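Input: a single structure, listed below in structure tokens.
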Amino acid sequence: MNYFDLISSTIVLSALCLIPKHKRWWLLYSVGCFLWVILHFTKGLYFGMIMNSVAMFIGLMNWKKK
């Protein structure tokens, strides 16, 4: 595990805790998922990259909902 793993997972978990307070935290969740996309791409884990891309898209769609 490196610092990039730690930062990405901390961002995602923090955002999941804060989402019930306000929907703007979906953006932080999407940023965390994007960091995981980069991490999986650099490690050659393309299925994880696809899964986190979908999660990032879902986060952005939930943020955009009214």
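Taken together, the values in this text are just the output of simple stated rules run on the coordinates, not laboratory data. Predicted model only: the values in this text are computed from it and were never measured. Backbone-built Cβ (ideal geometry, glycine too); neighbour counts: all protein chains shown.
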Cα-based shape type of the chain, given that a ≥ b ≥ c are square roots of the gyration tensor eigenvalues and the cut on a/c is 1.5: oblate
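Student exercise: in the chain, how many lysine pairs 8 or more apart or on different chains have Cα atoms under 30 Å apart?
Eligible lysine pairs with Cα atoms under 30 Å apart amount to 6.
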Neighbour net charge for Ile58 - beta-carbon separation under 14 angstrom, K R +1, D E -1: +3
Peptides 51-63, 28-40 ordered by average Cβ neighbours within 10 Å, highest first: 28-40, 51-63
Residue-averaged [θ]222 nm for the chain, counting only DSSP H segments that reach four residues, each worth -39500 (n - 2.57): -27500 deg cm²/dmol
